[in-house]
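Comments concern the structure below.
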Amino acid sequence: VIMGPCAGGAVYSPALTDFIIMVRDTSHLFITGPQVVKTVTHEDVTTEELGGADVHTKVSGVAHLAADNEIEALQATRTLFDFLPLNNKDKAPRRFTEDDRTRQDKSLRRIVPDDPNTPYDMHDIISKIVDDNDFFEIMPDYAQNLIVGFARLEGRTVGIVGNQPLHLAGCLDINASVKGARFVRFCDCFNIPLVTLVDVPGFLPGMSQELGGIIRNGAKLLYAYAEATVPKFTIITRKAYGGAYDVMASKHLRGDINLAWPNSEIAVMGAAGAVNIIFRGLDPQQTEAEVANYSRLFANPLTAARRGYIDDVIEPETTRTRLCQELDALLHKKLTNPWKKHGNIPL
């Protein structure tokens, strides 16, 4: 918890911790202060612009949470601690809840729009399937196209990872991949089961992403999921396209239980894009017919289910019940990776 200035080599002490919580206007993190920056680069910057809480929670991704004052920072710290085990060999604390596993919220059927290009808020789905609508989000202001945080199912702590269609249509980019990879690895370190909610049209295209190393950085999230040995549950709510589908806790990355909602799509890409590549040169009427045919064949989870990539197609309102049941079944899951000194994640 950073409550004041932290500069120079001292910044690497919090940088090595699992979570950093900063206080707005009073806490600052930077390697070199404004005076040194001005001397070397002739830039005029304030301490807040250089290393304030908003900078590190929204732009750099160094810090995980920002609080308006010290009391809120300590309260956030206590809330976070409440989800976590005391050490990597201990179990996370189980809290009493009156929220029944059989609760079915019919409004889940109406959250995902019929139009595949219309955005919606993934927070709405998360809050309706977890205990008491209680979700503690980590890094809420950074890489907002990916949601990560802690919640409970029947009192047991789970880590939530979900694409956010309201930002960049839920595409994975460099920052989201790194954010997700770090959170997945933390949960795996402390034996916290993972629930992944998928609505991803792919990786974000563009020169800036390619030159920034989206291939290497996207591989971090893939590596993290593949390496994780905790119970992994995946719910596909709408789109699961291409390489981004693979990366988001798919069966190919040792996902334990992979479920899909009835209107979900698991494919290489959307129908229109696929038809324009496969049937290049058709007139508009023929193209429209082929798009309709492609959608009929692949714009549903059944093909993936037949091939074993999906364990079941479920109604949205039964999601909470199924997750609680599967968590019971996999609560004592034991899986060990082949022995090695350490893995070589693509840093």
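The values are calculated or read from the model by the stated rules, or taken from the named source; none is laboratory data. Bear in mind the structure is a predicted one, so any value in this text is a computation, not a measurement. Ideal geometry is used to build each Cβ from the backbone, glycine not excepted, and the neighbour counts take in all protein chains shown. Side chains included, ligands, DNA and RNA excluded: accessible areas come from the protein's heavy atoms. Shrake-Rupley method; radii C 1.70, N 1.55, O 1.52, S 1.80 Å.
Is it the case, given these coordinates, that Thr79 is polar (S, T, N, Q), touching a residue at least 12 places away in the same chain (Cβ under 8 Å) and either at positive phi or not in a loop (DSSP other than H, G, I, E, B) (or both)? So Thr79 passes the test. Tell me whether the range 201-218 contains one or more residues that are more than 14 Å from the chain's Cα centre (by Cα) and charged (D, E, K, R). There is at least one residue in the range 201-218 that is more than 14 Å from the chain's Cα centre (by Cα) and charged (D, E, K, R). Residues of the range 74-127 that are within 22 Å of the chain's Cα centre (by Cα) and aromatic (Phe, Trp, Tyr): Phe81, Phe83, Tyr120.
Cβ-Cβ distances below 8 Å connect the following pairs, each with a first residue in the range 90-103 that is in a loop (DSSP other than H, G, I, E, B), a second residue that is open to solvent by 80 Å² or more (accessible area, probe 1.4 Å), and a separation of six or more residues or different chains: Lys91/Asn191; Ala92/Asn191; Thr97/Asp132; Asp99/Asp132; Arg101/Gln325. Would you mind stating whether Phe233 is in a strand (DSSP E or B) and in contact (Cβ under 8 Å) with a residue 24 or more places away in the chain? So Phe233 fits the description; yes.
The combined condition, being under 21 Å from Asn163 (Cβ atoms), open to solvent by less than 60 Å² (accessible area, probe 1.4 Å) and at pLDDT below 95, is not fulfilled by Ala260. Within the range 301-333, the set of residues being open to solvent by 30 Å² or more (accessible area, probe 1.4 Å), free of Cβ contacts under 8 Å to residues at least 40 places away in the same chain, under 20 Å from Lys251 (Cβ atoms) and of a type outside the set (Gly, Ala, Ser) comprises Leu302, Arg306, Arg307.
When every residue of the range 171-181 is checked against the conditions, at least one turns out to be more than 24 Å from Arg322 (Cα to Cα) and of a type in the set (Val, Ile, Thr).
For the range 238-252, the count of residues that are surrounded by fewer than 23 Cβ atoms within 10 Å (Cβ to Cβ) and closer than 20 Å to Phe190 by Cα is zero. Among the residues of the range 179-233, just one is in contact with a Lys or Arg (Cβ under 6 Å, 6 or more places away or on another chain) and more than 24 Å from Ser127 (Cα to Cα), namely Ala224.
Pairs linking a residue in the range 1-21 that is without any contact (Cβ under 8 Å) to a residue 60 or more places away in the chain and assigned to a strand (DSSP E or B) to a residue that is open to solvent by 50 Å² or more (accessible area, probe 1.4 Å) and not hydroxyl-bearing (Ser, Thr, Tyr), with Cβ atoms under 8 Å and 6 or more positions apart or on different chains, are Ala7/Ile31; Ile21/Val1.
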